[in-house]
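Notes to accompany the following structure.
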Amino acid sequence: MRRFVKNRIIEYMEELLQQHKLLETAFLQNHTEERSMLSAGCQERAIVIGNTLEMDGAVHETVVKKLEFYCETLYRQSVGMEDFKKQTLDDCILDVGNYVKKQISEELEIVFFPYKASMWDSLESVWMAAVEDTDCTAYVVPIPYFDKNPDGTVSAMHYEGNDFPEYVPVVHWKDYDVKGRHPDVIYIHNPYDHGNKVTTVHLDFYAKELKQYTDMLVYIPYFVCVDGNVPEHFCVLPGTLYADRVIVQSEPARKIYIQEFQKFEEEYGCKGKFGNPEEKFLALGSPKYDAVFRAMQEEIKLPEDWRRKIIRKDGSRKKVLLYNTSVTQLLAGKEELLQKIQSVFADMKKREDIVLLWRPHPLSETTCEAMRPEILNAYDAIVKAYQKENWGIFDDTPDLHRAIAVSDAYYGDISSLVELYRVTGKPVMIQNLDVI
């Protein structure tokens with residue numbers, strides 16, 4: 001039985017015990033109308049409990065009969081066929097309560113609300129653990145998100161439920177009633193709510209909203225930070241504020257989160273409103289590392305286009321350089337980045353021993369549209385030219401870890417991908433925009 005349902009039954013029974021006290025007073029004072037009303041209310045609540053137990057799927061015949069006896073006793077007492085005996089009613093409900101608490105096992109319903117398929121790696125290993133736990137039922141419900149215009153209004157809606165790995169059973173977001181189901185645990189990786197200037201998830205899935213419909217809201221960052229240095233603004237977003245638990249990559253990162261969270265509490269006079277930071281932030285590691293290790297151990301199936309570029313006719317293999325460009329430089333509005341990209345392409349195009357695998361940040365184009373429209377056309381032209389010339393590999397798929405596993409070295413901007421790449425033990429080189 002769902003923990004939420006079990007706890008609700010227990011709450012109902014505690015309410016009934018309180019109603020018995022009122023019922024006793026009504027009998028002693030001979031308030032016939034109130035007595036009748038209270039008895040009917042207790043019967044209705046007992047019927048709800050009985051129906052819930054019968055829908056559990058297990059056989060609870062003894063306790064259901066106890067509830068039937070309870071309802072019959074209430075009726076007989078209310079119409080004067082028996083003297084009122086509060087203890088008889090209490091004993092029935094206490095017996096049912098003990099049975100529910102001790103004999104009915106709990107099952108957690110856990111739901112994951114990712115929005116971008118490329119960020120699923122921040123939740124996947126937790127989902128895998130939940131699937132293997134026989135006391136859990138886990139759902140993956142990708143949620144829609146919207147691009148934002150420069151003025152903050154929303155434009156195109158995106159839904160990436162069809163882009164998740166085949167082994168992940170996806171439930172459409174319209175088919176999962178979070179309010180009605182009240183999952184025991186909700187996992188999210190989007191912390192922004194309204195605060196992202198580039199995209200926004202559907203309003204129904206803001207952290208502030210989801211908090212109302214679960215007993216445990218958990219936020220896991222979609223990124224990892226280089227050397228555990230967390231930018232301050234990431235520590236006090238809606239996801240960290242409203243989550244009951246925030247899973248961070250390391251103890252140094254946890255200390256930064258707590259420190260910035262406490263600064264926020266002091267500045268806005270809200271200490272305790274969003275929970276105890278010492279309990280909220282947990283240094284349990286990032287599932288993104290789990291995904292890297294798993295990808296390194298698995299056999300990589302290369303797309304045919306990749307294979308033709310990487311594998312020579314004699315069967316030997318060229319080196320693969322993973323070239324990553326981040327949104328940070330795009331946000332800075334530096335045209336030097338565009339010049340640098342073209343310079344890298346010009347050099348790599350001449351190489352016969354190396355294949356360039358360019359993987360720009362998934363939100364590069366959207367970021368330009370929303371925040372740097374003045375460089376959008378130039379950036380878009382570079383992307384289209386690279387794809388048309390087809391001498392290198394362009395990777396805009398959600399599968400980041402295939403690119404990490406197949407490549408032999410990293411080159412590009414400082415980003416969370418650098419931190420992930422380091423754990424492979426392969427070379428990491430950071431590009432300098434001043435060197436064209």
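The values are calculated or read from the model by the stated rules, or taken from the named source; none is laboratory data. Everything quoted here is computed from the prediction, not taken from an experiment. Don't worry about glycine lacking a Cβ; one is built from the backbone with ideal geometry, like all the others, and counts go over all protein chains shown. For the accessible areas, the whole protein counts, side chains as well, though only heavy atoms, and no ligand, DNA or RNA atoms are used. Shrake-Rupley method; radii C 1.70, N 1.55, O 1.52, S 1.80 Å.
Looking across region 54-69, just one residue is crowded, with 18+ Cβ neighbours inside 10 Å, in a helix (DSSP H, G or I) and of a type outside the set (A, V, I, L, M, F, W, C), and that is 66. Does residue 414 fit the bill of being in contact with a strand residue (DSSP E or B) (Cβ under 7 Å, 6 or more places away or on another chain) and over 26 Å from residue 311 (Cα atoms)? Against the criterion (in contact with a strand residue (DSSP E or B) (Cβ under 7 Å, 6 or more places away or on another chain) and over 26 Å from residue 311 (Cα atoms)), residue 414 qualifies.
What tally of residues in region 373-388 results from selecting those that are touching a residue at least 12 places away in the same chain (Cβ under 8 Å) and open to solvent by 60 Å² or more (accessible area, probe 1.4 Å)? Residues that pass the stated criteria total 2.
Only one of the listed residues (272, 315) is open to solvent by 10 Å² or more (accessible area, probe 1.4 Å) and closer than 30 Å to residue 235 by Cβ. That residue is 272. Within the set 30, 7, 51, the sole residue that is open to solvent by 70 Å² or more (accessible area, probe 1.4 Å) and closer than 27 Å to residue 135 by Cβ turns out to be 51. Within region 175-197, residues that are in contact (Cβ under 8 Å) with a residue 24 or more places away in the chain have Cβ atoms under 8 Å from residues that are of a type in the set (Lys, Arg) and open to solvent by 20 Å² or more (accessible area, probe 1.4 Å) in these pairs: 184/2; 184/3; 193/208; 196/148; 197/148, counting only partners at least 6 apart in sequence or on another chain.
Looking only at region 238-255, residues that are out of contact with any strand residue (DSSP E or B) (no Cβ under 6 Å at 6 or more places or on another chain) and in a helix (DSSP H, G or I) come to 6 in all. Do you know which residues across region 25-66 are closer than 16 Å to residue 77 by Cβ, touching a residue at least 24 places away in the same chain (Cβ under 8 Å) and of a type in the set (Ser, Thr, Tyr)? 36, 39 - these are the residues of region 25-66 that are closer than 16 Å to residue 77 by Cβ, touching a residue at least 24 places away in the same chain (Cβ under 8 Å) and of a type in the set (Ser, Thr, Tyr).
Of the helices (runs of 4 or more DSSP H) lying entirely inside region 94-211, not one is found with 3 or more residues being more than 16 Å from the chain's Cα centre (by Cα) and among the basic types (Lys, Arg). Selection of region 214-237 for residues being part of a helix (DSSP H, G or I), free of Cβ contacts under 8 Å to residues at least 60 places away in the same chain and surrounded by fewer than 22 Cβ atoms within 10 Å (Cβ to Cβ) yields 228, 232, 233, 234, 236.
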